[in-house]
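Trainee: Questions regarding the structure given below will be posed in turn.
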Amino acid sequence: VVVSVNLPADLQGALQERFEVHPVAPGERIEKALAPDVAARIRGVVGTVRTPLDQAFFQSMPAVRVVSNFAVGYDNIDVKAATAANVVVCNTPGVLDAAVADLTLGLILCTGRNLVGLDRFVRDGRWAKGAAPLSYDLMGKSLGLLGMGRIGRMVAERARAFGMKVFYHNRNRQAAAEATGIGYLERDELFRTCDFVSVHVPLTDATRNSIGAREFGMMKPSAIFINTSRGAVVDEPAMIEALKNGTIAGAGLDVFVKEPLDPAASALAGMDNVTLLPHVGSATHETRRAMIDLAVHNLIDVLEGARPGAAVNPEVDHYGTLKE
Ligand code: 8YV
């Protein structure tokens, strides 16, 4: 098997007991990094969102039966090509929702209450020279969630504890969310009316570049845009334009089209009305441990012929058939 993640010793041991383990650096093309005789024998991969697993990968690695992402998102994987090649695709849903929701509220607090700007105010010695600038209450503000899956629901719970009025838009109406008092809005209405708009959709062909000049143009000049999902759901130049022109008031961003963000190359790094984080929604000790546990066990399960904890293409059904 190939592993593109740093593993804790016990999980490294669990893999080594069962398989020959080949490390490949995250972001490297696995089919190019391995000698052809090794590549031909690889049966499974534990990879990150930076590991490209596309048609070329599946075509050149015919023995692979499972690719297990160390992430809930799997936009790095061509699931159609995997399914056609009879490969199970696994991810890590459910274990990172609270961490990402916490970080989303963190970005709402940073942008609404100007936490990072005020930290700079103290460090720069401006406090002694005059009163700190005022920021904005969260209480009574509306939060529009684009996407109402597991993470969206946890963001809603937290935001309501702050006294925010929570609305959502989702491909399918979510009766359970609405029963708790979260209001449904049509997509344009959500952009037009909410004080904060926070994105919680996966990156797919349908969502790529789906938030652009049209959407920012609909938002209130006082509105703040929050993104902890994937940078590429946003037309980043259009967002930068909207932030520069005052079309919107600010943004809290954990994700970018190109990561790591190069501060020398991005206008975002020079803006005071944005808070920038290095894609750390799930990056806590507890959550990353739960994710790597699930990712490794998903792989072991499939290769031992058991049903994995989380597969995104369950139509590829090896369960009970791969065990030797
Ligand atoms: C990253 C994420 O995957 O789960 C996701 O979809 O984007 C994050 O949790 C994390 O950097 C681990 O690779």
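No value in this document is a laboratory result; all are computed from the given coordinates. From a predicted model like this one, the values you see are computed outputs, not experimental measurements. Here the Cβ positions follow ideal geometry from the backbone for every residue, glycine too, while neighbour counts run over all protein chains shown.
Trainee: Quick one: compute the contact order of the chain, relative version, from alpha carbon pairs under 8 angstrom and 6+ residues apart, as a percent.
Mentor: With pairs under 8 Å counted, the relative contact order is 18 percent.
Trainee: Please report, in Å, the Rg and the Dmax of the range 1-113, where both are computed over Cα atoms only.
Mentor: Cα-based Rg and Dmax for the range 1-113 come out at 16.3, 57 Å.
Trainee: With point charges of +1 on the Cβ of Lys and Arg and -1 on the Cβ of Asp and Glu, referenced to the Cα centre of the chain, which listed residue (V95, H318, L109) lies farthest in the positive direction of the dipole?
Mentor: Value computed over the given set: L109.
Trainee: Three principal axis extents, largest first, for the C-alpha atoms of the chain, in Å?
Mentor: 70, 46, 34
Trainee: Something else: In Å, what Kirkwood hydrodynamic radius results for the range 142-249 from the alpha-carbon pair distances? Don't jump to the answer; show the numbers that get you there.
Mentor: Numbers: mean 1/r = 0.0724 Å⁻¹.
This gives a value of 13.8 Å.
Trainee: Considering amide H positions built from the backbone, and no H for Pro or chain starts, which residues 5 or more places from V88, or on another chain, come under 5 Å of its amide H?
Mentor: The list, which skips near neighbours in sequence, is V66, V67.
Trainee: Convert each backbone phi in the range 52-57 into a coupling constant with the Karplus relation 6.51 cos²θ - 1.76 cosθ + 1.60 (shift: θ = phi - 60°), then list the ³J(HN,Hα) values in order as whole Hz, x for Gly and Pro.
Mentor: x, 10, 10, 3, 4, 5
Trainee: Here's something else I'd like to know. Kirkwood Rh, the range 33-172, all Cα pairs: how many Å?
Mentor: With all distinct Cα pairs of the range 33-172 included, I get 18.7 Å.
Trainee: Something else: Among the listed pairs K141/K244; K129/K258; K141/K258; K220/K258, give every one whose C-alpha distance is greater than 29 Å. Don't skip to the answer; put the middle values down first.
Mentor: Details: K141/K244 23 Å; K129/K258 39 Å; K141/K258 31 Å; K220/K258 27 Å.
As for pairs spanning more than 29 Å Cα to Cα, those are K129/K258; K141/K258.
Trainee: Same structure, new question: Given +1 on the Cβ of Lys and Arg, -1 on the Cβ of Asp and Glu, and no further charges, what dipole in debye does the chain carry about its Cα centre, rounded to the nearest 20?
Mentor: The calculation lands at about 680 debye.
Trainee: Placing +1 on the Cβ of each Lys and Arg and -1 on the Cβ of each Asp and Glu in the range 212-266, which of G217, F256, S266 has its Cα farthest towards the positive end of the resulting dipole?
Mentor: The residue sitting most towards the positive pole is G217.
Trainee: Another question, then. If you take every residue apart from H200 with its C-beta less than 14 Å away from the C-beta of H200, what net charge results, scoring Lys and Arg +1 and Asp and Glu -1? Could you put the intermediate results ahead of the total?
Mentor: On the way: positive: R150, R153, R158, R171, R187, R230; negative: D97, D102, E157, D254.
Surrounding charge for H200 is +2.
Trainee: When N counts the residues of the range 97-276, how does its alpha-carbon radius of gyration compare numerically with 2.2 N^0.38 Å, as a ratio?
Mentor: So the Cα radius of gyration is 1.01 times the expected 2.2 N^0.38 Å.
Trainee: Per-residue HN-Hα couplings for the range 117-134, Karplus 6.51 cos²θ - 1.76 cosθ + 1.60 at θ = phi - 60°, whole Hz, x for Gly and Pro?
Mentor: x, 6, 4, 4, 4, 5, 4, 7, x, 7, 4, 5, 8, x, 5, 5, x, 7
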